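Written out below as structure tokens is the structure these notes cover.
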Amino acid sequence: MNNYKSLKKQLKFCIKTMNDSSSLFVVDSNKDFTRKRKHLFGSTLFNVLLLESGSLKDEMFKLFGYKLDTPTASSFVQARSKIRPDAFRTLFNMFNERTQKIKLHKGYRLLAVDGSVLPISSAIKDTKTTFYKANNSNKPFSAYHLNTSYDLLECTYDDIVLQGNAVMNENGAFNEIVDRYDGPKAIFIADRGYESINSFVKVGMKNHKYLIRVKDIHSRTSVLRSFGPFPDAEFDMHVRRTLTTKQTNEIKAHPEIYKFVPKNQRFDFFDESLNIPWWRSHPIHENRATKSIWTEPCNPLLRATKSTKRATSA
């Protein structure tokens, strides 16, 4: 209970701090929340966090103690629309900074990255959130896709990336989370959908580690499909490949040496300068009991060469 009261106190302090400079977080700094009303910037921000699953009208009655002069649901919607979305990210980051207590496992934070679908009203239709034929139905389905990194030791959320469900890109979200992370060394843990060579490289470039479950080696869309052959048993082995954008006869003839990276596949690390280490090759593990395959980085450095625009082992 004491911990709950302490966290609530910190949250209210963060909201008060933002309220003192609310013009930075509203749509129109000259008009929004400039007059004294029941819906002030700080109270509106706090009430958004307190909303539960009831109708907005019922939630308003609960928030204002079932008083006769409870504001209408429409007035709350109008007040909420005056707050810019980045205000909530600022509050999230500020609260984390004030409450974070770093816990390490053998010198690393353990950050689990996963996603969830957040359905919204199908009355909202746009190209980012709406599928027009979802689950073999002709009814439109609108939702957001929430990607989060969660600290397994602190039991707190470290970062979030919100995407429209129709344009969701878990690989892109993972890269964004890794790019923004500026804490101690971490092990990023993720399930299928977040794996990509670009992600492996990005984590290694920042001197972190990863443990990522990937699709079965026999799947046509598996990132490991071209890294075989693999034994038909549980295995633990290192794989090295030279990454290239070229498709010469030599490259096609030696798939055990080269890995072709098509132009439409994101890869940020073909550096034009010479001898810049940028990737670590990674061992691959398979657990037959859980039918899972995962990768993690190891030590040998790879380098990008200007002449062939590819990655080669150092």
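Taking region 226-255 as the range and being surrounded by 13 or more Cβ atoms within 10 Å (Cβ to Cβ) and farther than 24 Å from Met205 by Cβ as the test, the residues that pass are Gly228, Phe230, Phe235, Ile251, Pro255. Somewhere in region 267-283, is a residue polar (S, T, N, Q), at pLDDT below 80, surrounded by 15 or more Cβ atoms within 10 Å (Cβ to Cβ) and more than 18 Å from the chain's Cα centre (by Cα)? Yes, there is a match, as at least one residue in region 267-283 is polar (S, T, N, Q), at pLDDT below 80, surrounded by 15 or more Cβ atoms within 10 Å (Cβ to Cβ) and more than 18 Å from the chain's Cα centre (by Cα). Can you name the condition, by its number, that Lys202 falls short on among (1) touching a strand residue (DSSP E or B) at 6+ places or on another chain (Cβ under 7 Å); (2) surrounded by 21 or more Cβ atoms within 10 Å (Cβ to Cβ); (3) part of a helix (DSSP H, G or I)? Among (1) touching a strand residue (DSSP E or B) at 6+ places or on another chain (Cβ under 7 Å); (2) surrounded by 21 or more Cβ atoms within 10 Å (Cβ to Cβ); (3) part of a helix (DSSP H, G or I), the lone unmet condition for Lys202 is (1).
Quick one: which of Lys252, Lys259 is outside any loop (DSSP other than H, G, I, E, B), among the charged types (D, E, K, R), out of contact with any helix residue (DSSP H, G or I) (no Cβ under 9 Å at 6 or more places or on another chain) and over 19 Å from Ile189 (Cα atoms)?
Just a single option satisfies the conditions, and that option is Lys252.
Of all residues in region 156-179, those that are out of contact with any Ser or Thr (no Cβ under 6 Å at 6 or more places or on another chain) and part of a strand (DSSP E or B) total 4. Taken over region 18-40, the residue count meeting the criterion of being under 12 Å from Ala87 (Cα atoms) and either of a type in the set (S, T, N, Q) or touching a Lys or Arg at 6+ places or on another chain (Cβ under 8 Å) (or both) is 7. Among the residues making up region 103-113, those that are touching a strand residue (DSSP E or B) at 6+ places or on another chain (Cβ under 7 Å) and either of a type in the set (A, V, I, L, M, F, W, C) or modelled with pLDDT under 95 (or both) are Leu110, Leu111, Ala112, Val113. From the residues in region 205-227 that are among the β-branched types (Val, Ile, Thr) and not in a strand (DSSP E or B), which one is farthest from the chain's Cα centre (by Cα)? Among those residues, the one meeting the criterion is Ile217. Considering region 167-184, the residues that are touching a strand residue (DSSP E or B) at 6+ places or on another chain (Cβ under 9 Å) and among the charged types (D, E, K, R) include one that is surrounded by the fewest Cβ atoms within 10 Å (Cβ to Cβ), namely Arg180. The criterion of at least 2 residues that are under 20 Å from the mean Cα position of the chain (by Cα) and exposed (fewer than 15 other Cβ atoms within 10 Å of the Cβ) is met, among helices (runs of 4 or more DSSP H) falling completely within region 49-155, by 86-99. Residues that are touching an Asp or Glu at 6+ places or on another chain (Cβ under 8 Å) and of a type in the set (Val, Ile, Thr): does region 223-245 have at least one? Yes, some residue in region 223-245 is touching an Asp or Glu at 6+ places or on another chain (Cβ under 8 Å) and of a type in the set (Val, Ile, Thr).
Under the condition of being touching a residue at least 40 places away in the same chain (Cβ under 8 Å), under 19 Å from Arg241 (Cα atoms) and not acidic (Asp, Glu), the residues counted in region 186-208 number 9. Restricting attention to region 26-48, the residues that are surrounded by 12 or more Cβ atoms within 10 Å (Cβ to Cβ) and either in a helix (DSSP H, G or I) or at pLDDT below 90 (or both) add up to 11.
When the criteria are applied in full, Asp182 fails the requirement of being part of a strand (DSSP E or B), free of Cβ contacts under 8 Å to residues at least 40 places away in the same chain, acidic (Asp, Glu) and more than 23 Å from Asn264 (Cα to Cα).
The values are calculated or read from the model by the stated rules, or taken from the named source; none is laboratory data. The shown structure was predicted, so the numbers you read here are calculated from the model rather than taken from an experiment. Positions of Cβ are backbone-derived with ideal geometry, glycine not excepted, and every protein chain shown enters the neighbour counts.
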